[in-house]
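Heads up: the structure comes next, in structure tokens.
The values are calculated or read from the model by the stated rules, or taken from the named source; none is laboratory data. The shown structure was predicted, so the numbers you read here are calculated from the model rather than taken from an experiment. Heads up, the Cβs are rebuilt from the backbone with ideal geometry, glycines too, and the neighbour counts pull from every protein chain shown.
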Amino acid sequence: MAGAVGRPRKNNSRRRGNTAREEILDASAELFTTQGFATTSTHQIADAVGIRQASLYYHFPSKTEIFLALLTSTVTPSTALAAKFEEIDVPAPLRLWALTAAECRLLLSTRWNVGRLYQLPVASSPEFSEYHQQRTQLQAVFRSIAAKIVGPDDPRAGLPFHIALSVIEMRPNDGVAPEPLSATRLPSLAIMLADAALAVLGAPLPENRLERTLELLADMDS
């Protein structure tokens, strides 16, 4: 009887994911966020997944491509969401509060603290220009909405973006999502940082901000 065709595993699956590609990204996210990019090898990634190293190259041609996939997987949803928040017809304070809470919510919903990848020196490489463009767009939307509250020349307009990203320093990196995405509640940490984003601008908190934000998010998802 002929042998099975394909790229065999070294052993049974040991990662989260519905496909080998997802499992590779899960293992890479853990290794990159815990020991860095330079000290992580494709051999280590393949071993963590339980596949042969040659099989890894079938899905990703290089370690750099894996890193880029992880970077863009975090910033692409945020950029798309920010573009929607920029267009909706609600007062700027509510838009900024909701955008900040939504960004924190996304960064809290992943198993591994992939936001840490932004901080690695390799992330500034020209090889990741696609990610840089998206991150610049995201930051611009935060600044644009904040500028509607304090004015375009106020240096505080740049602060809410960094307040949102401070969630990266405040969440664990233990393979458990601190706050899986929910349609009925916002993480307490996301609420705190969204409040801080308006406080630093001297703006009052919008009424019913939690309920209105969940409604906005539901409308955007529909």
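Please find, within region 62-118, the residue that is nearest to the chain's Cα centre (by Cα) out of those that are more than 28 Å from residue 38 (Cα to Cα) and free of Cβ contacts under 8 Å to residues at least 24 places away in the same chain.
80
Does residue 103 satisfy being in a helix (DSSP H, G or I), buried (at least 23 other Cβ atoms within 10 Å of the Cβ) and either in contact with a Phe, Trp or Tyr (Cβ under 7 Å, 6 or more places away or on another chain) or acidic (Asp, Glu) (or both)?
yes
Scanning region 194-209 for residues that are touching a residue at least 60 places away in the same chain (Cβ under 8 Å) and under 21 Å from the mean Cα position of the chain (by Cα), which turns out nearest to residue 77 (Cα to Cα)?
194
Restricting to region 144-198, and then to whatever is basic (Lys, Arg) and part of a loop (DSSP other than H, G, I, E, B), can you tell me which residue is surrounded by the most Cβ atoms within 10 Å (Cβ to Cβ)?
171
Of all residues in region 28-60, which are of a type in the set (A, V, I, L, M, F, W, C), within 19 Å of residue 123 (Cβ to Cβ) and not in a loop (DSSP other than H, G, I, E, B)?
Scanning region 28-60 gives 29, 31, 32, 45.
Out of 66, 51, 88, which single residue is of a type in the set (A, V, I, L, M) and at pLDDT below 90?
Values: 66 fails: at pLDDT below 90; 51 fails: at pLDDT below 90.
The match here is 88.
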